[in-house]
Amino acid sequence: MSVMPPQGTGTTAKRVTIMGLGRFGGGAGAARWCLDQGDRVLVTDLRTSDELGDAVAPLEALSAGDRLEWRLGEHRADDFCNTDLVIANPAVPMPWANPYLRAAWDAGVHVTTEITLLIEQLDRDRVIGITGSAGKSTTAAMVHHVLSACNVESVLGGNIGGSLLPRIQEAGDAEAVVLELSSAMLWWLGATEDSPPGTPPWSPRIALTTNIEPNHLDWHGNESHYRACKAGLVQHQVDGDMHICGDPGGDAIKLRLPGEHNQVNARMAVAAAMASTSIDLEAATSSLGTFTGLPHRLQQVHEHEGCIYYNDSKSTTPAATLLALEAMPDGSRVHLIAGGHDKGIALDAIARASAELAGLYTIGATGPALANAATREGARTVHDCTTLEQAVASASSRMEGGDVLLLSPGCASWDQFENFQQRGDHFTQLARAITLRPSGR
């Protein structure tokens, strides 16, 4: 697949404002792409240089001279009006109401995102687009794993693995491009009627939706808008395109990952991979036997004195936490750590499930309310621990051989951590440090 000619204004702009470097490299990837096109780039971020830390260095190393400028610790309206293009970070909540983006639109400046720039360069017939409230990262990685194992040249990107813009030639030449797409990304890709002006109508030829449960209400404002964006993945599909939605059925697949939900993920992944190119069913399913999963998704990180420790920090919704609990063979032996940033989603389901667990240890901003709700539901052991350190210490002191400590927060991490990766890494460090303690609880 060759790279398609540039479309829209994105690759011809001479002055570009990058709004936010982002948590996953999208802003940096877009900035690098624009600099490679010879554009003048202004990166503006509400975080200071110290807060951004290492995120600044890769761009500084490009030796772009006076074509790269920084506006850190603040945004200025002029930077969004006196420019040819604004590339917004899709993490900016309710962008339609953001005063700086509104200033750009009012000034007639085109506003886009990194993912839009990417899809404008790709042949949609080679794209597998994957979304969902839970399981989309694992399923996307499974699709990529199957394709690679079956000798199909493919790349994985979107909301996982950083920006593909700096690798656009590789992505353009690949037989398949697997994109994990968030609800925010889909809004910017024209999923709903209120998508931004100038948005190109786009859907992938092969679409996959794992599930849709309430999430990111702080970004969307309400559940209906969130659901509309997710459903909008197929808004612009045409005859001959495919949408895999939910379990396509079939035999169990030999996996290294626990849980029936991962069986469903695997069957959907195989269906998507086979729809994209001609590969054998047996080869596709058997290849998943070597798939070890993604970090922070039901990842076994430690075992000590018969106790097992799972890092499921990517669980940022109650539905994801329930899936993790269902994957455990005996819920009565599970000590669950849950809570975090409040995204406006009810945590009642976690509270009810905690009644069947060995213990619930809550953390973060939602911790007190979750602990109170669990107590009302009759949970046997409930502790509002505030911090992850206290939760691991409290749980491990009560665990016996055969018990499980599961970090599956059901909430975002931003009240206490930079992102879910940092939260999961910290949990892993705390779990492994238990080995160094004197035996006996």
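Quick check: is even one residue across the range 164-181 surrounded by 23 or more Cβ atoms within 10 Å (Cβ to Cβ), out of contact with any Leu (no Cβ under 6 Å at 6 or more places or on another chain) and either within 17 Å of V92 (Cα to Cα) or among the aromatic types (F, W, Y) (or both)?
yes
Among the listed residues G221, G240, which satisfies the condition of being under 19 Å from T277 (Cβ atoms) and surrounded by fewer than 16 Cβ atoms within 10 Å (Cβ to Cβ)? Step through it out loud before you land on a result.
Values: G221 fails: under 19 Å from T277 (Cβ atoms).
Every option except G240 fails the conditions.
If you take the residues of the range 107-147 that are small (G, A, S) and in a loop (DSSP other than H, G, I, E, B), which of them is surrounded by the fewest Cβ atoms within 10 Å (Cβ to Cβ)?
G108
Quick one: is E69 out of contact with any Lys or Arg (no Cβ under 7 Å at 6 or more places or on another chain), in a strand (DSSP E or B) and modelled with pLDDT under 95?
Values: out of contact with any Lys or Arg (no Cβ under 7 Å at 6 or more places or on another chain): yes; in a strand (DSSP E or B): yes; modelled with pLDDT under 95: yes.
Answer is yes for this residue.
Which of the residues belonging to the range 148-158 are touching an Asp or Glu at 6+ places or on another chain (Cβ under 8 Å) and not in a strand (DSSP E or B)?
Answer for the range 148-158, where residues must be touching an Asp or Glu at 6+ places or on another chain (Cβ under 8 Å) and not in a strand (DSSP E or B): C150, V152, E153.
Contact list please: Cβ distance under 8 Å, first residue in the range 319-334 and farther than 12 Å from E260 by Cβ, second residue of a type in the set (K, R), pairs at least six apart or on different chains.
Note: pairs meeting the criteria are A320/K314.
For the range 71-82, state whether one or more residues are under 23 Å from the mean Cα position of the chain (by Cα) and either within 20 Å of L52 (Cα to Cα) or among the charged types (D, E, K, R) (or both). First the steps, then the outcome.
Step one: filter the range 71-82 for residues under 23 Å from the mean Cα position of the chain (by Cα), giving none.
No; the residues of the range 71-82 include none that is under 23 Å from the mean Cα position of the chain (by Cα) and either within 20 Å of L52 (Cα to Cα) or among the charged types (D, E, K, R) (or both).
Anything in the range 213-238 that is in a loop (DSSP other than H, G, I, E, B) and within 23 Å of L323 (Cβ to Cβ)? List them, or say none. Step through it out loud before you land on a result.
Step one: filter the range 213-238 for residues in a loop (DSSP other than H, G, I, E, B), giving 213-216, 221-222, 235-238.
Passing the criteria: E213, P214, N215, H216.
For Y310, work out the one condition from (1) part of a helix (DSSP H, G or I); (2) under 12 Å from D403 (Cβ atoms) it doesn't fulfil.
(1)
Looking only at the range 317-330, decide whether some residue is surrounded by fewer than 18 Cβ atoms within 10 Å (Cβ to Cβ), assigned to a loop (DSSP other than H, G, I, E, B), in the same structural domain as T366 (by TED's automatic domain parsing) and among the aliphatic types (A, V, I, L, M). It would help to see each step written out before you state the result.
Residues of the range 317-330 that are surrounded by fewer than 18 Cβ atoms within 10 Å (Cβ to Cβ), as a first pass: 326, 329-330.
With assigned to a loop (DSSP other than H, G, I, E, B) added as a condition, the list becomes 329-330.
So of that shortlist, the ones also in the same structural domain as T366 (by TED's automatic domain parsing) come out as 329-330.
This time we only want the ones that are among the aliphatic types (A, V, I, L, M), so: none.
No: the range 317-330 contains no residue that is surrounded by fewer than 18 Cβ atoms within 10 Å (Cβ to Cβ), assigned to a loop (DSSP other than H, G, I, E, B), in the same structural domain as T366 (by TED's automatic domain parsing) and among the aliphatic types (A, V, I, L, M).
Which of (1) within 24 Å of A191 (Cβ to Cβ); (2) touching a strand residue (DSSP E or B) at 6+ places or on another chain (Cβ under 9 Å); (3) assigned to a helix (DSSP H, G or I) is the odd one out, the single condition R102 does not satisfy?
(2)
Looking only at the range 197-210, how many residues end up being part of a loop (DSSP other than H, G, I, E, B) and either surrounded by fewer than 18 Cβ atoms within 10 Å (Cβ to Cβ) or at pLDDT 90 or above (or both)?
Kept after step one, since they are part of a loop (DSSP other than H, G, I, E, B), are these residues of the range 197-210: 197-205, 210.
Among the residues that remain, those that are also either surrounded by fewer than 18 Cβ atoms within 10 Å (Cβ to Cβ) or at pLDDT 90 or above (or both) are: 197-198, 200-205, 210.
The qualifying residues number 9.
Output the residue which, of all residues in the range 39-56 that are of a type outside the set (D, E, K, R) and part of a loop (DSSP other than H, G, I, E, B), is surrounded by the most Cβ atoms within 10 Å (Cβ to Cβ).
Step one: filter the range 39-56 for residues of a type outside the set (D, E, K, R), giving 41-44, 46, 48-49, 52-53, 55-56.
Adding the requirement that they be part of a loop (DSSP other than H, G, I, E, B) leaves 46, 48, 56.
On the way: L46: 13, T48: 11, V56: 17.
Here the residue is V56.
Those residues that are surrounded by fewer than 18 Cβ atoms within 10 Å (Cβ to Cβ) and touching a residue at least 24 places away in the same chain (Cβ under 8 Å), I need them from the range 76-90; list them, please. Explain how you work it out, then say what you get.
In the first step, residues of the range 76-90 are kept if they are surrounded by fewer than 18 Cβ atoms within 10 Å (Cβ to Cβ); the result is 76-78, 81-82, 84.
Matches in the range 76-90: R76, A77, C81, N82, D84.
Rundown of residues vs (1) within 21 Å of Q300 (Cβ to Cβ); (2) touching a residue at least 60 places away in the same chain (Cβ under 8 Å), yes/no style:
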{"residue": "I345", "(1), (2)": "no, yes"}
{"residue": "G359", "(1), (2)": "yes, no"}
{"residue": "I363", "(1), (2)": "yes, no"}
{"residue": "G367", "(1), (2)": "no, no"}
{"residue": "N372", "(1), (2)": "no, no"}
{"residue": "E377", "(1), (2)": "no, no"}
{"residue": "R380", "(1), (2)": "no, no"}
{"residue": "A393", "(1), (2)": "yes, no"}
{"residue": "V404", "(1), (2)": "yes, yes"}
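Of all residues in the range 72-99, which are outside any helix (DSSP H, G or I) and in contact with a strand residue (DSSP E or B) (Cβ under 6 Å, 6 or more places away or on another chain)?
So the first thing to find is which residues in the range 72-99 are outside any helix (DSSP H, G or I), and the list is 72-76, 82-94, 98.
Result: L72, H75, T83, D84, L85, V86, I87, A88, N89, P90.
Among all residue pairs at least 6 apart or on different chains, which show Cβ distances below 9 Å where the first residue, located in the range 270-283, is within 14 Å of D241 (Cβ to Cβ) and touching a residue at least 60 places away in the same chain (Cβ under 8 Å) and the second is among the β-branched types (V, I, T) and surrounded by fewer than 19 Cβ atoms within 10 Å (Cβ to Cβ)?
Pairs found: S276/V152.
Please go through the range 424-439 and pick out each residue that is in a loop (DSSP other than H, G, I, E, B) and either basic (K, R) or modelled with pLDDT of 85 or more (or both). Steps first, please.
The initial filter retains those residues of the range 424-439 that are in a loop (DSSP other than H, G, I, E, B), namely 437-439.
Hit for the range 424-439 is R437, nothing else.
Scan T290, T277, T209, T199 and give me the residue that is over 21 Å from the mean Cα position of the chain (by Cα), under 22 Å from A327 (Cβ atoms) and of a type in the set (S, T, Y). If you could, list the steps in order and put the result at the bottom.
Values: T277 fails: under 22 Å from A327 (Cβ atoms); T209 fails: over 21 Å from the mean Cα position of the chain (by Cα); T199 fails: under 22 Å from A327 (Cβ atoms).
Unique residue meeting the criteria: T290.
The values are calculated or read from the model by the stated rules, or taken from the named source; none is laboratory data. Bear in mind the structure is a predicted one, so any value in this text is a computation, not a measurement. FYI the Cβ positions are ideal-geometry reconstructions off the backbone, even for glycines, and counts take in every protein chain you see.
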